[in-house]
Amino acid sequence: MFAELGHEVIVPPPPSKHTLDLVTKYAPEFACIPFKILLGTYLEALALGADTIVSTGGIGPCRAGYYGELHRRILEDLGYNIRLFIIEPPLKRPGDFFRTIMSLVSNGFTWLRFPVILQRVWAKLNAIDRVERASHSIRPYEVVKGETSRVYESCLQELDKACSLQEIRDAERDALARLASIEQDRSRRPLKIGLIGEIYVVLEPFANHNVQILLEEMGALADRSIYLAEWSRGNAVVAGEKDVKRAARPFLSELVGGHGVNSIGQTVLYAQQGFDGVIQLAPFACIPEIVAKSILPRVSRELNIPVLTLFLDEQTGEGGIRTRVEAFVDLLIQRRNRREGQVVWSGI
């Protein structure tokens, strides 16, 4: 979208340990890991020649709405002379949203092109999400371990090259066909585990140590509660997520910011859909998710669905996450076996 608005777009590298190492001296210790990864990502982009940053704002009782301004001040203190645009939620602050968009349009741009550009952007965003969903539904059944991930990465590259609506549709159709052709063993009975929590750590594999793929390679079917197109539709296009909020209401009816209410509501829906368990992914010190965590034991008890909470920060190690996830999966397997009347013998 920004390229078609007349800008040269600098794409920073995917978040890594180097990203976090860049900000250890500059980010407040109490700030959550999304704040730190974003700041590190900005520094990486600036090193590649970027002079303008576009980020998102927020409203309600969550610190994320302040992050753009805090990032701006830290970068200015470090001597960077940049322009930082913060896009506010269009459904809540339409005036601020459109003023920012107007500021990002280059000279000579014809507004008649804007609906066409948005249509292509929206089509590609939905195509990426549908292809990713397909990969997650196939990975627990794959016969050759790792094949789904290899095919998926190749499909993403083809989607990236697609520009016109027809090219996007063709790339999506080809990607879904390639994924469906992967050899699978459909006799398996994978556990069904829901993933809930704060949007950034749920969506960003580096932040959550690739927990969704880890679960799927262990043979579980991991259903992520948040996808970017779906979230954008419900928060930036039309007011949505009413079913989630309705499900949460008996346990949490107050706005607590972030995705706190969603974490409760999605857990209720997963329990109603017969899932074996739920994993909550939360940044360390994230107040909305701390509120949700305090209520989840009641949800777990009343709806008979186990919940594991993983708090994540720059000190979290992949080994620790793997150990906790493996133990949780083992408990869910034993629980299912007991429920089905199967006797499991272990030992000598």
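Nothing in this text is a laboratory measurement; each read-out follows from the coordinates by a stated rule. Since the structure is predicted, the reported quantities are computational estimates derived from the model, not experimental observations. Counting neighbours? That spans all protein chains shown, and the Cβs are built from the backbone with ideal geometry, glycine included.
With a simple spin-label model that places each label point 7 Å from the Cα along the Cα-to-Cβ direction, the separation between residue 315 and residue 169 comes to 5.3 nm.
Here the peptides 272-280, 208-216 are ranked by packing, the mean other Cβ count within 10 Å, and the order with the highest first is 208-216, 272-280.
Is the chain best put as rounded, prolate or oblate by its Cα gyration tensor, with a ≥ b ≥ c the root eigenvalues, rounded for a/c under 1.5, and otherwise prolate when a/b is larger than b/c, oblate when not? It is prolate, given that a/c is not under 1.5 and a/b is the larger ratio.
Between residue 84 and 53, the built amide H atoms are under 5 Å apart, and every one of these is 5 or more places off in sequence or on another chain.
Listed by chain and number, the lysines whose alpha-carbon sits under 30 Å from that of residue 242, ignoring those within fewer than 8 places in the same chain, are 92, 124, 192, 293. Under the simplified labelling scheme, the residue 326-residue 157 pair shows an inter-label distance of 3.2 nm, with each label point 7 Å from Cα along Cα→Cβ.
Using only side-chain charges placed at the Cβ, +1 for Lys and Arg and -1 for Asp and Glu, the dipole size of the chain relative to its Cα centre rounds to 1060 debye. If I fit a long axis through the Cα atoms of helix 165-180 and take the longest principal axis of the Cα atoms of the chain, what angle between them do I get, 0 to 90°, rounded to 10? Rounded to the nearest ten degrees, it is 20. Highest average first, the peptides 129-137, 249-257 ordered by how many other beta carbon atoms sit within 10 Å of their residues are 129-137, 249-257.
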